[in-house]
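Bear in mind that the values in this text are calculations on the coordinates, not laboratory data. Quick caveat, the model's predicted, so the values are computed rather than measured. Counting neighbours? That spans all protein chains shown, and the Cβs are built from the backbone with ideal geometry, glycine included.
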Amino acid sequence: MYQRSIVATLSQRMSEPRRFLQILIGPRQTGKTTAVTQALKQIDIPYLYREVGEHGESPDWIRAQWYQARSLVNDANACALLVIDEIQYVKGWADAVKALWDEDARTGIDLRVVLTGSSATLLKSGMDESLAGRFELIRCTHWTYGECRDAFGFSLDDFLFFGGYPGAAGLREDVSRWASYVTDAIIEPSIAKDVLALEDVRNPALLRRLFYLGAPYSAQEVSYRKLLGQLDDRGNTATIAHYLELLAQAGMMSGILKYDPKLLRERSSSPRLLVHDTALMTAAYGSRRTRLLEDPDLKGRLVESAVGAYLIARSQVEGFSLNWWRDGSNEVDFVVSNERQVLGIEVKSGRIKSTGGLTAFVLRYPEARTLIVGSAECTLEDFLLGRVPLLEG
């Protein structure tokens with residue numbers, strides 16, 4: 001069975017002396033449980049694996065598993081490992097974990113702990129509030145083109161259309177069945193179980209409609225007011241912005257903002273919608289989805305969405321900011337930046353658009369470097385395979 005690079009990371013962390021909680025976080029159906037299972041086969045210490053059911057558990061359940069895992073540490077075994085999968089379904093999990101982890105630190109028990117979860121919003125709130133300084137994050141992102149090519153034999157067009165969900169890959173010969181699986185096993189559970197069931201969402205129907213309306217618009221600028229108008233809702237733009245943040249935390253769709261060092265102006269800008277995996281755009285397109293590879297303009301949006309999704313995944317791991325830029329008719333598809341560097345990225349995707357964006361961007365920001373994805377120097381395939389550096393050092 002194919003193994004992602006995070007398997008080696010997990011097995012290494014499991015084998016290290018107890019230092020930090022290891023928290024594996026990522027969108028639903030990206031292979032977190034599989035990666036943990038593969039890593040467990042590579043270690044040589046006793047372990048206890050438990051999965052939290054979607055009905056949830058209490059903090060007492062965590063304590064019971066923890067005590068059982070502690071019993072594995074004895075004269076014959078100097079250390080042990082506890083793995084709890086989908087920890088976000090335990091209400092108050094972070095406080096319980098903190099107390100037990102600190103007890104082990106005081107008593108010198110070498111019990112290593114790995115937690116996984118798919119609700120980034122809930123996990124992060126618990127980590128920030130209770131577990132500061134006690135954990136390391138391992139991010140399980142959507143599968144890359146290189147991984148899908150090696151594991152499933154995907155062509156570039158396969159990856160653009162079907163995206164990077166491993167469970168759906170075997171259904172690609174039947175597009176309707178594939179789309180039903182993505183909708184029923186990924187999109188709807190992500191909305192219902194990773195957002196609505198765990199967050200205080202006042203208008204669940206609006207959030208769901210926002211995703212299904214926004215995903216086909218991926219790689220396009222859409223103002224908050226236009227979204228409200230098309231959603232036929234009397235809510236406010238702050239609600240739409242908040243719901244986009246929740247969808248982003250669930251690994252579904254972001255509204256990336258215009259690049260501007262003046263952050264106040266950046267946050268007041270219209271977002272460019274961007275799915276975190278092109279499968280979400282394809283599935284949400286409905287019966288017209290086959291046109292995504294046939295119509296040059298639609299395929300252009302699909303290509304730009306694939307590049308954007310790849311950049312989102314890398315930004316989560318590498319910690320850079322991702323934006324876009326426009327001044328009048330001059331537009332840059334993506335802007336990657338950190339404290340020291342700025343990179344403007346134009347995607348040659350086959351659709352007709354202005355070509356002066358990068359030139360205007362460099363005139364405005366002389367320190368910026370530029371990159372054209374889809375050029376002879378940087379092909380789309382090379383970029384999606386990670387062969388092209390972004391920020392130096």
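How many angstrom lie between the C-alpha centres of the range 306-340 and the range 138-201? Centre-to-centre (Cα) distance: 23 Å.
Roughly how tilted is helix 237-249, in degrees to the nearest 10 and between 0 and 90, from the longest Cα axis of the chain? Result, in degrees: 50. Computed about its Cα centre, the charge dipole of the chain is approximately 640 debye, with only Lys, Arg, Asp and Glu carrying charge at their Cβ. Among beta bridges from DSSP that stay inside the chain, the antiparallel ones total about 35%.
Close amide-amide hydrogen proximity is noted between Leu48 and Leu81, Leu82, Val83, each under 5 Å apart and 5 or more residues distant or on a separate chain (H modeled in the peptide plane; Pro and chain starts excluded). Taken over the range 256-370, the alpha-carbon convex hull comes to 107 cubic angstrom per residue. Mean-square fluctuations from a GNM of the chain, with a 10 angstrom spring cutoff on Cα atoms, peak among Met281, Met14, Met252 at Met14. Toward the positive end of the charge dipole of the chain, with +1 on the Cβ of Lys and Arg and -1 on the Cβ of Asp and Glu, the farthest Cα among Val373, Ala205, Ser315 is that of Ala205. For trypsin sites (Lys or Arg not before Pro), the sites in the range 284-393 that DSSP calls loop and that have at most 11 other Cβ atoms within 10 Å are Arg340, Arg387. What does the charge count around Gly26 come to, taking other residues whose C-beta lies under 9 Å from its C-beta (Lys +1, Arg +1, Asp -1, Glu -1)? Computed value for this residue: +3. Where [x] 224; [y] 150; [z] 170 are the candidate values, the label of the one calculated here for volume of the Cα convex hull per residue in Å³ is [y]. One decimal place: the segment Asn203-Arg172 gains 7.7 nm when fully extended, by the rule 0.36 nm per residue minus the C-alpha distance. Computed from backbone phi, the HN-Hα couplings of the range 214-220 come to x, 4, x, 8, 3, 6, 10 Hz, rounded to whole numbers (Karplus: 6.51 cos²θ - 1.76 cosθ + 1.60, θ = phi - 60°; Gly and Pro given as x). Phi angles across the range 276-292 convert, under the Karplus curve 6.51 cos²θ - 1.76 cosθ + 1.60 with θ = phi - 60°, into 3J(HN,Hα) values of 7, 7, 5, 4, 5, 5, 4, 5, 6, 6, x, 5, 8, 4, 5, 6, 4 Hz, Gly and Pro given as x. Restricting the trypsin sites (Lys or Arg not before Pro) of the range 48-107 to loop positions (DSSP other than H, G, I, E, B) with no more than 16 neighbouring Cβ atoms within 10 Å leaves Lys91. Charge dipole (Cα centre; +1 on Lys/Arg Cβ, -1 on Asp/Glu Cβ; no other charges) of the range 5-139 amounts to roughly 280 debye. Going down the list Lys32/Lys91; Lys258/Lys348; Lys193/Lys299, which pairs span over 24 Å between their C-alpha atoms? Long pairs (Cα-Cα over 24 Å): Lys193/Lys299.
Hydrodynamic estimate: the Kirkwood radius of the range 175-224 over Cα pairs, inserted into Stokes-Einstein at 37 °C and 0.692 mPa s, corresponds to D of 270 µm²/s.
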